[in-house]
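To keep things clear, I will list the structure first and then write my remarks on it.
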Amino acid sequence: MTAISETRLREQLRITEIFYSLQGETSRAGLPTVFIRLTGCPLRCGYCDTAYAFYGGEVMTLAAIMGQVASHRAQYVTVTGGEPLAQKNCLLLLRELCDAGYSVSLETSGALDISEVDRRVSKILDIKTPGSGEVEKNLWSNLAHLTPQDEIKFVLCDEQDYLWAVAQLRERNLAAVCPVLFSPVYRKLAEAALAGWILSDRLPVRMQIQLHKYLWGEVPGH
């Protein structure tokens, strides 16, 4: 190990939890995955299901984080939050994970700049709808930094959110950028209703549900 890498591994992040579970969303749904949940988020979406990650957490070195990840012996790693990019050392963590050979995805709100994220990372960009209460926070310039390996996600509260998302999909030609995901807010928008709208409008999107919630409910660590 070089002196540079030793110094890098002493860098710190504030971590809410690291756990091993099935990926519940995106095209990786169902894959055994290690999740690294970073603490803190500048947004306050009305439907947020991880508000426990807004505060607290444990300060950990990059070396300790990498050690915990390795202990689970998984191929896939997801860095999430909160909003992981709110911590500057998230970029370093993503790079180290890629260098270690993991298949890495990043779940980000899209309110913070993604231009410096390692290109080996699959970025899951969550575009905020009017129903989230944070639609004004969308940083639309992020779209220019997406590649076909990335994904755009819309979390939908109701039919108005759906219609707004369809307008963005069409006006910005999002399906030509990368795969697009439409997801209903758990227990707020009926899954069958969303499925019907997508089929009726013949949208080029993937509908998803949060698999982990149907398996374990809304509890931390899954």
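The values are calculated or read from the model by the stated rules, or taken from the named source; none is laboratory data. Values in this document were obtained by computation on a predicted structure and should not be read as measured data. Cβ: placed from backbone, ideal geometry, glycine included. Neighbour counts: every protein chain shown. When the accessible area is computed, the model is the full protein with side chains, heavy atoms only, and any ligands, DNA or RNA have been set aside. Shrake-Rupley method; radii C 1.70, N 1.55, O 1.52, S 1.80 Å.
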Here the residues within region 93-128 that are within 12 Å of residue 151 (Cα to Cα) and touching a Phe, Trp or Tyr at 6+ places or on another chain (Cβ under 6 Å) are 127
Examine region 10-23 for a residue that is within 25 Å of residue 179 (Cα to Cα), in contact with a His (Cβ under 9 Å, 6 or more places away or on another chain) and part of a loop (DSSP other than H, G, I, E, B), and state whether such a residue exists. yes
Looking across region 162-177 at residues that are without any contact (Cβ under 8 Å) to a residue 12 or more places away in the chain and part of a helix (DSSP H, G or I), the single one that is nearest to residue 140 (Cα to Cα) is 171
Is at least one residue of region 178-196 surrounded by fewer than 22 Cβ atoms within 10 Å (Cβ to Cβ), under 17 Å from the mean Cα position of the chain (by Cα) and either among the aromatic types (Phe, Trp, Tyr) or assigned to a helix (DSSP H, G or I) (or both)? yes
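Can you name the residue in region 54-80 that is β-branched (Val, Ile, Thr) and in a strand (DSSP E or B) and, of all such residues, is surrounded by the fewest Cβ atoms within 10 Å (Cβ to Cβ)? Can you show your working first?
We begin by selecting, within region 54-80, every residue β-branched (Val, Ile, Thr); these are 59, 61, 65, 69, 77-80.
Then keep just the ones that are in a strand (DSSP E or B); that gives 59, 61, 77-80.
Working: 59: 10, 61: 14, 77: 23, 78: 26, 79: 24, 80: 20.
The qualifying residue surrounded by the fewest Cβ atoms within 10 Å (Cβ to Cβ) is 59.
Over 26 Å from residue 172 (Cβ atoms), open to solvent by less than 40 Å² (accessible area, probe 1.4 Å) and touching a helix residue (DSSP H, G or I) at 6+ places or on another chain (Cβ under 8 Å): which single residue out of 93, 106, 125 fits that description?
Numbers: 106 fails: over 26 Å from residue 172 (Cβ atoms); 125 fails: over 26 Å from residue 172 (Cβ atoms).
Going through 93, 106, 125 in turn, just one is over 26 Å from residue 172 (Cβ atoms), open to solvent by less than 40 Å² (accessible area, probe 1.4 Å) and touching a helix residue (DSSP H, G or I) at 6+ places or on another chain (Cβ under 8 Å): 93.
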Restricting region 140-161 to residues that are assigned to a strand (DSSP E or B) and of a type in the set (A, V, I, L, M), the one farthest from the chain's Cα centre (by Cα) turns out to be 156
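Would you mention how many residues in region 86-109 are in a strand (DSSP E or B) and either closer than 14 Å to residue 65 by Cβ or without any contact (Cβ under 8 Å) to a residue 24 or more places away in the chain (or both)? Walk me through how you get there before you give the answer.
Going residue by residue through region 86-109, those that are in a strand (DSSP E or B) are 103-108.
Checking which are either closer than 14 Å to residue 65 by Cβ or without any contact (Cβ under 8 Å) to a residue 24 or more places away in the chain (or both) leaves us with 104.
The total comes to 1.
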Here the residues within region 197-222 that are in a loop (DSSP other than H, G, I, E, B) and either open to solvent by less than 80 Å² (accessible area, probe 1.4 Å) or touching a helix residue (DSSP H, G or I) at 6+ places or on another chain (Cβ under 8 Å) (or both) are 203, 204, 205, 208, 209, 210, 217, 219, 220, 221, 222
### residue 145 vs. criteria at pLDDT below 95 and either within 21 Å of residue 31 (Cβ to Cβ) or not aliphatic (A, V, I, L, M) (or both)
no
Subset of region 1-22, residues open to solvent by 80 Å² or more (accessible area, probe 1.4 Å) and modelled with pLDDT of 95 or more, comes to 12, 14, 20
Pairing a residue in region 185-204 that is in contact (Cβ under 8 Å) with a residue 40 or more places away in the chain with any residue that is open to solvent by less than 80 Å² (accessible area, probe 1.4 Å) and part of a helix (DSSP H, G or I), where Cβ atoms lie under 6 Å and the two sit 6 or more apart in sequence or on different chains, gives 186/213
